[in-house]
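The values are calculated or read from the model by the stated rules, or taken from the named source; none is laboratory data. Just so it is clear, the structure is predicted and the values come from calculations on it, not from any experiment. Please note: Cβ atoms are built from the backbone with ideal geometry, for glycine as well, and neighbour counts cover all protein chains shown. All accessible areas refer to the heavy atoms of the entire protein, side chains included, with ligands and DNA or RNA removed. Shrake-Rupley method; radii C 1.70, N 1.55, O 1.52, S 1.80 Å.
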Amino acid sequence: MPRSIQSTQPPLKFIPQRFNPSVLQIVRWLLPIVLRFRTRPWLPAGIVGIEAENVEVLAELYQQFQAGKIRFLLAFRHPEVEDPLCMLYLLSRIVPQVARQKNIKLQYPAHSYFLYDRGMTVWAGDWLGWLFSRVGGVPVHRGRRLDRQAIQTARELFANGELPIAVAPEGGTNGHSGIVSPLEPGVSQMGFWCVEDLQKANRSETVLIVPIAIQYSYDNPPWSKLDWLLTKLEADSGLSVMETTEGDGEEIYYQRIYRLGEYLITEMEEFYRRFYHQDTPKTISIDESASPNEVLIARLHRLLDKSLAVTEQYFGVQPQGNFIDRCRRLEEAGWNYIYREDLPDINNLPPLKRGLADWIAQEADLRMRHMRIVESFVAVTANYIQEKPTAEKFAETSLLIFDMLSRIKDTTLPGRPRLGLRRAKITVGEPISVSERWEKCQGDAYGGKLRHATRQAASQLTKDLQTALEKMIS
């Protein structure tokens with residue numbers, strides 16, 4: 001993440017997709033090294049093995065796609081920043097290997113176009129946009145209500161591109177291998193658009209959406225590194241360090257995380273009460289039978305609401321929808337204040353106007369930090385750790401706390417500490433036919449109500465995709 005923004009910025013231009021097989025091949029050669037070793041704070045690292053299930057289904061889909069029989073979209077889970085690299089490994093190495101084993105003939109390359117957040121190039125640098133465009137990436141402004149150019153490009157590629165397309169329907173990472181965030185409706189809408197475009201062109205391909213789950217586990221439970229991280233978080237928070245001795249069970253890690261979370265929530269409640277005038281009572285209304293953990297999560301959710309309210313009040317944005325919806329609208333509002341499309345040439349502004357524009361950009365960047373903290377905790381639930389305590393769940397929660405403290409105490413967001421070597425497990429789900437649902441819409445639509453029937457079908461498709469992904473990681 002860059003240092004805090006000190007001046008207004010020109011608009012973020014759309015980066016055209018310019019797929020280059022030679023660039024893709026170089027990336028494929030380098031992929032095992034990038035997965036294994038950390039070379040920059042923002043680069044993923046520490047993945048020493050990737051295994052996949054049900055890959056034969058995907059290999060057969062590629063064969064049918066290359067024969068002109070189907071169009072499909074890969075809807076993959078997005079818990080961590082490593083996910084796109086794991087997807088690339090799946091397509092570039094595992095799928096061809098399984099295809100050879102099963103005597104499924106595929107043309108080179110087994111690859112996909114993909115959507116990525118335009119903001120990634122702000123954090124990592126312009127070189128990333130250049131690279132992504134050459135390996136099939138299409139940038140999308142997550143915060144925009146309607147990024148027309150990105151949507152039109154993705155729609156065109158889905159219907160007519162030489163490759164399938166991959167999208168993360170959650171819209172962003174949530175830091176939890178075992179929790180699927182609420183899916184955004186874009187994937188389902190893209191599926192129905194593709195069917196519509198093929199129908200208009202008198203084409204007969206079947207349109208499918210393929211759910212893909214990704215989960216991570218440590219080669220060895222990183223208890224010593226986790227103890228080190230919790231000690232650091234306790235010290236940075238101002239808490240006394242709770243010592244962990246050899247032989248302590250998993251309960252001590254839960255106690256430390258709970259204690260740290262309770263302390264941080266109390267501190268942040270007072271922060272928003274005192275300096276942002278947010279009414280945050282010291283008690284919370286909740287069922288008397290609720291466990292202490294449920295009470296703590298209720299306080300966390302109230303705190304997230306107050307944190308977003310601070311930013312919403314500044315930008316004049318109404319609080320609508322869940323936490324993720326609210327974060328997206330605030331991202332749009334903040335980017336409109338920083339990346340000024342209404343100022344065609346910021347370098348030739350009079351000093352007064354340039355100074356005011358810089359002032360607004362600085363304040364918008366600062367206000368958006370409240371929203372960024374909320375983004376880290378949108379998937380935290382009361383029973384995630386307690387239902388099945390594992391080293392992975394302790395690590396995930398501790399790293400989310402690390403992200404929060406880093407955003408508060410540093411002007412940059414440093415790379416997460418690597419707690420241990422990990423393995424990724426990818427599960428390919430059964431394809432969902434969008435074409436069948438489209439045909440059912442045609443049959444169910446009476447009296448000119450096709451649009452309403454299509455909206456309902458797209459909503460149901462989103463729910464079914466959510467269910468499929470949740471079952472695959474349960």
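Take the residues of the range 454-470 that are under 22 Å from N54 (Cβ atoms) and more than 19 Å from the chain's Cα centre (by Cα): which is most open to solvent (accessible area, probe 1.4 Å)? Ranking the candidates gives D464 first.
With respect to P84, is the statement that it is of a type outside the set (S, T, N, Q), part of a helix (DSSP H, G or I) and closer than 24 Å to Q152 by Cβ true? Here the answer is yes, as P84 does meet what is asked. Among the residues of the range 246-302, those identified as in a helix (DSSP H, G or I), in contact (Cβ under 8 Å) with a residue 12 or more places away in the chain and among the β-branched types (V, I, T) are I257, I265, I297. Residues that are in contact with an Asp or Glu (Cβ under 8 Å, 6 or more places away or on another chain) and closer than 30 Å to L73 by Cβ were ranked within the range 213-248; the one that is surrounded by the most Cβ atoms within 10 Å (Cβ to Cβ) is I214. Here is the figure for the range 423-451: residues that are open to solvent by 90 Å² or more (accessible area, probe 1.4 Å) and modelled with pLDDT under 95 total 7. Just one residue in the set G191, G175, G171 is touching a Lys or Arg at 6+ places or on another chain (Cβ under 7 Å) and open to solvent by less than 30 Å² (accessible area, probe 1.4 Å); that residue is G171. Candidates L352, L366: the one that is under 26 Å from the mean Cα position of the chain (by Cα), aliphatic (A, V, I, L, M) and open to solvent by 60 Å² or more (accessible area, probe 1.4 Å) is L366.
Look through P319, P344 and report the one residue that is under 24 Å from R299 (Cβ atoms) and in a loop (DSSP other than H, G, I, E, B). Before the answer, list the steps.
On the way: P344 fails: under 24 Å from R299 (Cβ atoms).
Going through P319, P344 in turn, just one is under 24 Å from R299 (Cβ atoms) and in a loop (DSSP other than H, G, I, E, B): P319.
Scanning the range 297-318 for residues that are closer than 11 Å to R329 by Cα and in contact with a helix residue (DSSP H, G or I) (Cβ under 6 Å, 6 or more places away or on another chain) yields a count of 4.
Here L88 does not fit the description of being open to solvent by 40 Å² or more (accessible area, probe 1.4 Å) and within 17 Å of the chain's Cα centre (by Cα). Is it the case that I104 is within 20 Å of L12 (Cα to Cα), of a type outside the set (D, E) and without any contact (Cβ under 8 Å) to a residue 60 or more places away in the chain? It is false that I104 is within 20 Å of L12 (Cα to Cα), of a type outside the set (D, E) and without any contact (Cβ under 8 Å) to a residue 60 or more places away in the chain.
Here P32 meets the list (1) part of a helix (DSSP H, G or I); (2) under 27 Å from K471 (Cα atoms) almost entirely, failing just condition (2). Total residues in the range 321-339 satisfying the condition of being open to solvent by 40 Å² or more (accessible area, probe 1.4 Å) and touching a helix residue (DSSP H, G or I) at 6+ places or on another chain (Cβ under 7 Å): the figure is 2. Evaluation of G355 against the conditions (1) free of Cβ contacts under 8 Å to residues at least 40 places away in the same chain; (2) in contact with a strand residue (DSSP E or B) (Cβ under 8 Å, 6 or more places away or on another chain); (3) small (G, A, S) shows that the sole unmet condition is (2).
When D83 is tested against (1) at pLDDT below 95; (2) touching a helix residue (DSSP H, G or I) at 6+ places or on another chain (Cβ under 8 Å); (3) open to solvent by less than 20 Å² (accessible area, probe 1.4 Å), only condition (2) is not met.
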